[in-house]
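Just below is one structure, and these are the notes that go with it.
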Amino acid sequence: MTEAECIFCKIVAGTAPGVRIYEDDSVIAILDIFPWARGHSLVIPRNHAATIWDVSSEDAEAVMRAAHRLAPALRDTVGAEGMNLLQSNGRAAWQTVDHLHLHLIPRWADDALVPPGTSSKADPDELRKTADRIADLLGTPGD
């Protein structure tokens, strides 16, 4: 997808509609038009980047700063009891728009949303191997 085809780039540019709730020099935030809950919002960097692997560290930081600022206002506006932050990368992870964005999803104890899967206890040896490999790739010592 090119930037010219990207719906979020069009919303950022003002050539496609979006209900803006926040903007600064680096990001905009809009209400999701397909919300999972009342107040469901998206924080979108102004610069096009498809995924977490493509976004600059500055834009990634700006997205989280905006989410941190928006979260209390969203909570107080809709009376949420909790909030999920969701950021998906690639079709396997449910990404449907190829422009990085962070979902802020207000939650209530009795809402209909359910966890996307179940977890199970990890094998300690596998955890250590994975941690060591990550540390090697990062060039940092493991614990």
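Data table
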| read-out | value |
| --- | --- |
| Of all residues making up the stretch 95-126, the number that are surrounded by 11 or more Cβ atoms within 10 Å (Cβ to Cβ) and hydrophobic (A, V, I, L, M, F, W, C) | 7 |
| Cβ-Cβ under 8 Å pairs, at least 6 apart or on other chains, the stretch 4-29 side under 18 Å from A62 (Cβ atoms), far side loosely packed, with under 12 Cβ neighbours inside 10 Å and among the charged types (D, E, K, R) | S26/E58 |
| Counted residues, the stretch 36-58 - those being without any contact (Cβ under 8 Å) to a residue 40 or more places away in the chain and out of contact with any Asp or Glu (no Cβ under 7 Å at 6 or more places or on another chain) | 5 |
| Given (1) in contact with a strand residue (DSSP E or B) (Cβ under 8 Å, 6 or more places away or on another chain); (2) free of Cβ contacts under 8 Å to residues at least 60 places away in the same chain; (3) under 20 Å from N89 (Cα atoms); (4) not in a loop (DSSP other than H, G, I, E, B), index of the condition E61 fails | (1) |
| Enumeration of residues in the stretch 1-22 that are over 17 Å from Q95 (Cα atoms), surrounded by 15 or more Cβ atoms within 10 Å (Cβ to Cβ) and not basic (K, R) | I11, V12, G18, I21, Y22 |
| Meets criteria (of a type in the set (A, V, I, L, M, F, W, C), assigned to a loop (DSSP other than H, G, I, E, B), at pLDDT below 95 and out of contact with any strand residue (DSSP E or B) (no Cβ under 9 Å at 6 or more places or on another chain)) for A50 | no |
| A29 vs. criteria touching a helix residue (DSSP H, G or I) at 6+ places or on another chain (Cβ under 7 Å) and in a loop (DSSP other than H, G, I, E, B) | no |
| Close pairs (7 angstrom Cβ cut-off, 6 or more residues apart or separate chains): over 17 Å from C9 (Cα atoms) in the stretch 96-116, of a type in the set (K, R) and assigned to a loop (DSSP other than H, G, I, E, B) anywhere | P106/R38 |
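The values are calculated or read from the model by the stated rules, or taken from the named source; none is laboratory data. Please read all numbers here as calculations on a predicted model, not as lab measurements. All Cβ positions, glycine included, derive from the backbone under ideal geometry; neighbour counts span all protein chains shown.
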